[in-house]
Amino acid sequence: MEPCFQPDPTSDGRIGRRVPGCPIPLTAVQLRMWKQAIERGRLSGRMCATAVSISGSLEMELMQQSLDAIRRRHESLRTRITVADGIPHQWVDDVATVPLEVINLEERSRTDASVDAMRLAQEFIDTQIDLSAGPLFDAMLFRIADGEHVLVLALDHMVSDAISCEILTRELWALYAQAVRGVEFSLPELPIQFADYAVWLSATYQDWREKHESYWRTRLRGAQYLEIPGDDVVTTKEGGDRAMMYFPFGSLLSTKLRRLAEREKIMIPLVVLALYVIAISRWCKARDIVVAFETHGRHGRPELANVIGYVAAPVYLRIEISKEDDLQTVIKRVSSEFQAAYRHRDFGYLPDLISECATDCRFNWLPTDYNPRPARTLSKTRDVLEIRRVPVRYVRPARFLPVFFDSPAGIGLTIYFRRDIFAAGTLERFGRNLRMCAQELT
């Protein structure tokens, strides 16, 4: 049997195209999500979504053409999960045209229409999708009034991660702008598709195990599961059991942390991670901590830079800490651990191989390049569209998920959490303690 992926020994190590017609396996991360979906009857939730309000003269036909173009460009937006001989595979459909559903709310008052649009948008996002039937990418447009719309883009997590949402949004509006100008659709060619990445992972899995599994078994031996202590709170508040809190560090503290990163010659995410580990150590009364540092998986892989798909995967860091450690000591330890872990990064394999990697302690950092802008203006030849993000809630399974980011306004932290487990006051104290920890140690 011919392999579906044949590395080119003369290449620079980049991932290449798969053999046409070969089966497309699920990645390790996808396979775990598939097993969870099986328990729900192959149903999955739209876990990546974005919604924008659009002011200006939106041209429906051109928006449809732009959506068709982006589906043609990204195979992942035409992918379903099918089963052959009991084994799930990715299946890429040829058809790229899915009619954009438009909901007209103009008969209502502007206020009522806006409220109804957000309610219907949330229902659209919350819809459970049959992974074998799809579509795993869909869009819906709500017409509020003349020159006012809300566009919702919904992606299943099986074929997307947070960065994928940003790629999708950026490229869709680039294509729409080209359509308005009457020029031929043109974006830089994608070197590979997500399916090529999945085939490459499968083809190189045994080689990865031979080179890296022993490192992880040695490094994680004896690690204990760390659980963020909950409050066993049962909420009856409207809006479900999931919520979020935002904690800005402020411009002064953010500047101090950036300068510290420069002095230590270290990436700013690792400085913030060191502070986070110290705060978690105090909260959980733990000295040996395994942190799942979520990376977007595209570093060092330029061929994946603009690929839509679930490329993100955590890098597991085991960090030991004592009461006597100062911030510089922890920073150096975190940096050394991250560099070693990244050299042996596992592409999502570890949870199936080594139980000691399991942890409730996660660290997410949004790259500055992909931070969502609160507003943007799209120049056109005949009009101007003002595009603003509007808040939508999408499913996050984590009981406690911190997402850090660096923006012109400063470093910030958003915590997504379950209100049936954590009291709001508990997380408010954690946020205050984290900032106090930063102030004390810098």
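The values are calculated or read from the model by the stated rules, or taken from the named source; none is laboratory data. Here the structure is a predicted model, which means the values were calculated and not measured. Using ideal geometry, Cβ is built from the backbone for each residue, glycine included, and neighbour counts are taken over all protein chains shown.
It is to be established whether one or more residues within the range 194-208 are within 27 Å of the chain's Cα centre (by Cα), surrounded by 16 or more Cβ atoms within 10 Å (Cβ to Cβ) and among the charged types (D, E, K, R). Yes, there is a match, as at least one residue in the range 194-208 is within 27 Å of the chain's Cα centre (by Cα), surrounded by 16 or more Cβ atoms within 10 Å (Cβ to Cβ) and among the charged types (D, E, K, R). For the range 157-184, taking the residues that are under 29 Å from Cys22 (Cα atoms) and not in a helix (DSSP H, G or I), the one that is farthest from the chain's Cα centre (by Cα) is identified as Ser160.
So is Val277 buried (at least 20 other Cβ atoms within 10 Å of the Cβ), closer than 23 Å to Asp326 by Cα and among the hydrophobic types (A, V, I, L, M, F, W, C) or not? Here the answer is yes, as Val277 does meet what is asked. Within the set Ser164, Ser109, the sole residue that is touching a residue at least 60 places away in the same chain (Cβ under 8 Å) and of a type in the set (Ser, Thr, Tyr) turns out to be Ser164.
Within the range 197-213, residues that are touching a residue at least 24 places away in the same chain (Cβ under 8 Å) and part of a helix (DSSP H, G or I) reach partners that are charged (D, E, K, R) and surrounded by 14 or more Cβ atoms within 10 Å (Cβ to Cβ) with beta carbons closer than 7 Å, at six or more positions or on different chains, in the pairs Val199/Arg18; His212/Asp346.
Okay, residues lined up against (1) under 26 Å from His296 (Cα atoms); (2) of a type outside the set (Phe, Trp, Tyr); (3) buried (at least 17 other Cβ atoms within 10 Å of the Cβ); (4) at pLDDT below 90:
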| position | (1), (2), (3), (4) |
| --- | --- |
| Tyr394 | yes, no, yes, yes |
| Ala398 | yes, yes, no, yes |
| Pro408 | yes, yes, no, yes |
| Tyr416 | yes, no, yes, yes |
| Gly425 | no, yes, no, no |
| Arg435 | yes, yes, yes, no |
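The residue that is surrounded by the fewest Cβ atoms within 10 Å (Cβ to Cβ), among those in the range 122-156 that are part of a helix (DSSP H, G or I) and modelled with pLDDT under 90, is Glu123.
Among the residues here, Ala162 does not qualify as at pLDDT 95 or above and either surrounded by fewer than 14 Cβ atoms within 10 Å (Cβ to Cβ) or more than 22 Å from Val98 (Cα to Cα) (or both).
Taken as a whole, the condition of being in a helix (DSSP H, G or I) and crowded, with 17+ Cβ neighbours inside 10 Å applies to Ser76. Residues in the range 418-431 that are part of a helix (DSSP H, G or I) and in contact (Cβ under 8 Å) with a residue 12 or more places away in the chain were compared, and the one that is farthest from Ala279 (Cα to Cα) is Ala424.
Conditions tested, residue by residue: (1) modelled with pLDDT under 90; (2) closer than 18 Å to Leu190 by Cβ.
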position	(1), (2)
Met1	yes, no
Val19	no, yes
Arg40	yes, no
Arg71	no, yes
Thr79	no, yes
Glu101	no, no
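Applying the set (1) closer than 28 Å to Leu105 by Cβ; (2) out of contact with any Leu (no Cβ under 9 Å at 6 or more places or on another chain); (3) of a type outside the set (A, V, I, L, M, F, W, C) to Glu184 leaves exactly one unmet item: (1). Scan the range 29-44 for residues that are in a strand (DSSP E or B) and either of a type in the set (A, V, I, L, M) or over 22 Å from Ala312 (Cα atoms) (or both) and the total you get is 1.
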